[in-house]
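Once you've had a glance at the structure underneath, I'll fire off some questions.
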Amino acid sequence: MKKLLLTFVTLFLFVFTSHSQMIMVVSEIETTDVSAYEDILNRWMSSLKKVTETESAQMRVHQVDGSRELIATRFYGSLQEMADTRKNEKEKEEQIAEEFRSMPGQLEGSWDQFLSSTDFKNSSVWEFVSEGSTLPRSWESMTQEERDQLLYRRVQYFSVDLMQGDAFEAWWKKASEADAKLGINYHVAMFKSVFGGNDADYMIILIDKTRFDYYNHWEDRMKTRMASEEFKTLMSGSDNSKWSVIKESNWIRLPKMTH
């Protein structure tokens, strides 16, 4: 049980190097019982936060649209903060487990149901690329209530040729600047793979209220872009042969599993 509880925290990966950029740990989980997962996750994370005296663990959980797959994300201010946090939680694992077991209201058999219905598939570490992102600037004027309504994530995974990461980031930044010049405003975050990204070197996350809203806004953006000769010239003059989208996914954030 101890090993499984540690697995549940989703932080197996250590990268001991100094860095100032925000880090996102992504854990991929398959479950046949989302309710069982939600119950155990919420109890475990509540126990963890209480024992470690943490107000927010910066964890969000999403469901891949139309599937049994869940995506848990957890954010850290840096790789060093991730390592320090993991070390602190490991040192207090017995206290966390004891707090978890002592919580009232647990249904008989809920832990066994969780174990039988949950399969942890993969974890990966990603570094936020601020120059390729509109976040957090794009929602600085929004209230927390407005931000909380943005539950949809359109996720694109890019494979980039060897030694072409800087060129890819420069191209993406140039396209983003062209959008801003056209008055196009949307919420996007760029991440590059640190560890465990498989064949993906970059992840681009576009955020909107719903999948329907995303496609409507995407059509509006494309109409504006295609009406701009400057934008079309910019895109036609770019060499995009050294990178490509290898996977796309649709995540729906589950607000009840926010920690």
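Could you list all residues from region 170-221 that are over 17 Å from the mean Cα position of the chain (by Cα), under 24 Å from GLY237 (Cα atoms) and hydrophobic (A, V, I, L, M, F, W, C)?
Matches in region 170-221: ALA170, TRP171, TRP172, ALA175, ALA178, ALA180, LEU182, ILE184, TRP218.
Now, a different point. Can we say ILE204 is surrounded by 13 or more Cβ atoms within 10 Å (Cβ to Cβ), β-branched (Val, Ile, Thr) and closer than 30 Å to MET45 by Cβ?
Working: surrounded by 13 or more Cβ atoms within 10 Å (Cβ to Cβ): yes; β-branched (Val, Ile, Thr): yes; closer than 30 Å to MET45 by Cβ: yes.
Considered against the rule, which asks whether it is surrounded by 13 or more Cβ atoms within 10 Å (Cβ to Cβ), β-branched (Val, Ile, Thr) and closer than 30 Å to MET45 by Cβ, ILE204 comes out as yes.
Which of (1) exposed (fewer than 15 other Cβ atoms within 10 Å of the Cβ); (2) touching a residue at least 24 places away in the same chain (Cβ under 8 Å) does GLU140 not meet, given it meets every other one?
(2)
With the requirement that a residue be touching a helix residue (DSSP H, G or I) at 6+ places or on another chain (Cβ under 8 Å) and part of a loop (DSSP other than H, G, I, E, B), what does region 192-227 give you?
Scanning region 192-227 gives a single hit, ASP201.
Each row is one residue, and each column tells you yes or no for (1) without any contact (Cβ under 8 Å) to a residue 60 or more places away in the chain; (2) in the same structural domain as SER27 (by TED's automatic domain parsing); (3) over 23 Å from ASN250 (Cα atoms).
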site	(1), (2), (3)
PHE158	no, no, no
ASP166	yes, no, yes
LYS192	no, no, no
LEU206	yes, no, no
ASP213	no, no, no
PHE231	yes, no, yes
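Moving on. Does region 174-182 contain at least one residue that is more than 30 Å from ARG43 (Cα to Cα), among the small types (Gly, Ala, Ser) and modelled with pLDDT of 95 or more? Before you say what the answer is, go through the steps one by one.
Taking region 174-182 first, the residues more than 30 Å from ARG43 (Cα to Cα) are 174-182.
Within this subset, residues satisfying the condition of being among the small types (Gly, Ala, Ser) are 175-176, 178, 180.
Imposing the further condition that a residue be modelled with pLDDT of 95 or more reduces the set to none.
Taking every residue of region 174-182 in turn, none turns out to be more than 30 Å from ARG43 (Cα to Cα), among the small types (Gly, Ala, Ser) and modelled with pLDDT of 95 or more.
If I go through region 49-68 residue by residue, how many of them are out of contact with any His (no Cβ under 9 Å at 6 or more places or on another chain) and in contact (Cβ under 8 Å) with a residue 40 or more places away in the chain?
Looking only at that region, the number is 8.
Still on this structure, I have one more. Could you please find all residues in region 107-130 being at negative phi, without any contact (Cβ under 8 Å) to a residue 60 or more places away in the chain and surrounded by fewer than 11 Cβ atoms within 10 Å (Cβ to Cβ)? Let's see the steps before the verdict.
Of all residues in region 107-130, those at negative phi come to 107-108, 110-130.
Going one step further and asking which of them are without any contact (Cβ under 8 Å) to a residue 60 or more places away in the chain, we end up with 108, 112, 116.
Those that are at negative phi, without any contact (Cβ under 8 Å) to a residue 60 or more places away in the chain and surrounded by fewer than 11 Cβ atoms within 10 Å (Cβ to Cβ): GLU108, ASP112.
If you don't mind, another one. Could you check, for region 8-23, whether at least one of its residues is at pLDDT below 95, part of a helix (DSSP H, G or I) and buried (at least 18 other Cβ atoms within 10 Å of the Cβ)?
Taking every residue of region 8-23 in turn, at least one turns out to be at pLDDT below 95, part of a helix (DSSP H, G or I) and buried (at least 18 other Cβ atoms within 10 Å of the Cβ).
If you don't mind, another one. Being in contact with a strand residue (DSSP E or B) (Cβ under 9 Å, 6 or more places away or on another chain), surrounded by fewer than 19 Cβ atoms within 10 Å (Cβ to Cβ), among the aromatic types (Phe, Trp, Tyr) and modelled with pLDDT under 95 narrows it down to one residue among PHE195, PHE212; which is it? Steps first, answer last, please.
Values: PHE212 fails: modelled with pLDDT under 95.
Result: PHE195 is the single residue among PHE195, PHE212 that is in contact with a strand residue (DSSP E or B) (Cβ under 9 Å, 6 or more places away or on another chain), surrounded by fewer than 19 Cβ atoms within 10 Å (Cβ to Cβ), among the aromatic types (Phe, Trp, Tyr) and modelled with pLDDT under 95.
With the requirement that a residue be outside any strand (DSSP E or B) and in contact with a strand residue (DSSP E or B) (Cβ under 8 Å, 6 or more places away or on another chain), what does region 234-257 give you?
Step one: filter region 234-257 for residues outside any strand (DSSP E or B), giving 234-242, 254-257.
Once the filter is applied, which keeps residues that are outside any strand (DSSP E or B) and in contact with a strand residue (DSSP E or B) (Cβ under 8 Å, 6 or more places away or on another chain), region 234-257 yields LYS242, LEU254, MET257.
The values are calculated or read from the model by the stated rules, or taken from the named source; none is laboratory data. Just so we're clear, the structure is a prediction, and the values are computed from it rather than from any experiment. No Cβ is skipped: glycine too gets one built from the backbone with ideal geometry, and neighbour counts run over all protein chains shown.
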